[in-house]
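The values are calculated or read from the model by the stated rules, or taken from the named source; none is laboratory data. From a predicted model like this one, the values you see are computed outputs, not experimental measurements. As a convention, Cβ positions derive from the backbone with ideal geometry for all residues, glycine included, and neighbour counts pool all protein chains shown. What goes into the accessible areas is simple: the full protein's heavy atoms, side chains included, and nothing from ligands, DNA or RNA. Shrake-Rupley method; radii C 1.70, N 1.55, O 1.52, S 1.80 Å.
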Amino acid sequence: MKHIVLGISGGIAAYKSAELLRLLMKQGHSVQVVMTEAACHFISPTTLQALSGRPVYLDQWDERTPNNMAHINLGREADAIVIAPASADFIAKLAHGMADDLLSTLCLARNCPLMIAPAMNREMWQNKATARNIAQLTSDGVEILGPGTGLQACGETGMGRMLEPSELAEHIISSSQPKLFLGKKFLITAGPTYEAIDPVRGITNQSSGKMGYAIARAARESGAEVVLVSGPVSLATPVNVRRINVKSAEEMRDAVMREVAACDIFISVAAVADYRVANRSFQKIKKGSSALTLELVANPDILAEVAALEHPPYCVGFAAESENLAEHAEQKRRAKRLPLLVGNIAQDAIGQDDNELVLFDEQGSYPLPRADKLTLARQLMQHIALRHIGARK
Ligand code: C5P
């Protein structure tokens, strides 16, 4: 868990910082609040002190720090500094390396990542001076979160709203994930496949794609390049992930085979249909009075094919079982010659936001208790890193 300095500068969005603080703490992070004098006109330090359970720091002459070096000490303890809201004035200060109050001095003296969440009137955001300052901070390596667009406190509508606390918390948590896979390339399949019977009918599996998409996101957060081969799902593509849309198992196989040579780790999360219709009709089949017989032929087993390549990537399979998970999963892992297989109980997992997994590898089995799919995906990244590249948390 991380220690975050939450810097609050003067803007009406400061009232939302209390919610951001709570969300970060709920995720197990500790948060030290530092405010500018202007921020205190919008939200009281007492509120933030009560919520964070720590004294709030306001100025560089604070006598509570033993060596009178709050600007150094507070920054040294932090894994990241987040300024939310970051006013136009504070952004200008940062861009010029000014250090005339505790928060700006802290930012200048930092040795950890800095993220800012701009919040201001739309004209102020569009002003060339602000644009120049933001460009400067971006090239200095500062991460700019937002701003969003919508109704502003001044009554105008446009760009400049601070992102919502939940969005900010997500950004902060995802950018503070350990970069376990820098320089590595992941290929991930997700979702169901759809095997057409005719132009309007088809055979598919139940799969929302949520687990595969969470894994793609977790891999990306860990610093990897990620290609996601996705069957038909209604999910947003995770940020900075390259997505290839496919429908049938054969299309999925072709896409995987085109991409696999360049990848280091292949995670097959897709619920691939085991069979397709032998002679799909290109015209709609008319309803007859008697029964309709379909001839089904086996689809290629994409994962088994990848695992059998001469130089396979590190292959991770999934097994959704309805019973006897350990037995079926371990059997599947051996049959497909996989270093790692992730098992789950199908009826617990499909379409849900949370899940419960068991990892099976050469060294044993590792249960991951019930949690949301992104948390599980991050734990899976840690396990793969440990096994595949010997990296630690
Ligand atoms: O269907 P089965 O239980 O064998 O699936 C186990 C693993 O194999 C999963 O990771 C799934 O994505 C993969 N698979 C595949 N191609 C298939 C069937 C399954 O890649 N035709």
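Each row is one residue, and each column tells you yes or no for (1) away from the ligand (no atom under 15 Å from the Cβ); (2) open to solvent by 50 Å² or more (accessible area, probe 1.4 Å); (3) touching a residue at least 12 places away in the same chain (Cβ under 8 Å).
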position	(1), (2), (3)
Arg334	no, yes, no
Val342	no, no, yes
Asp353	yes, yes, yes
Glu356	yes, yes, yes
Gly364	yes, no, no
Leu374	yes, no, yes
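For the range 247-260, the condition of being touching a strand residue (DSSP E or B) at 6+ places or on another chain (Cβ under 7 Å) and not in a helix (DSSP H, G or I) holds for at least one residue. When restricted to residues that are touching a strand residue (DSSP E or B) at 6+ places or on another chain (Cβ under 8 Å), in a loop (DSSP other than H, G, I, E, B) and among the hydroxyl-bearing types (Ser, Thr, Tyr), the range 261-299 contains 0. Under the condition of being under 16 Å from Ser175 (Cβ atoms), in a loop (DSSP other than H, G, I, E, B) and touching a helix residue (DSSP H, G or I) at 6+ places or on another chain (Cβ under 7 Å), the residues counted in the range 221-238 number 2.
Tell me which residues, restricted to the range 285-320, are touching a helix residue (DSSP H, G or I) at 6+ places or on another chain (Cβ under 9 Å), open to solvent by 60 Å² or more (accessible area, probe 1.4 Å) and among the hydrophobic types (A, V, I, L, M, F, W, C). Across the range 285-320, the qualifying residues are Leu309, Ala320. Looking only at residues in the range 30-51 that are touching a residue at least 40 places away in the same chain (Cβ under 8 Å) and within 30 Å of the chain's Cα centre (by Cα), the one that is nearest to Asp79 (Cα to Cα) is Gln32.
Does any residue in the range 253-275 that is at negative phi and among the charged types (D, E, K, R) come within less than 7 Å, Cβ to Cβ, of a residue that is assigned to a strand (DSSP E or B) and within 9 Å of the ligand (Cβ to nearest atom) six or more places away or on a different chain, and which pairs are these? The qualifying pairs are Asp274/Ala298.
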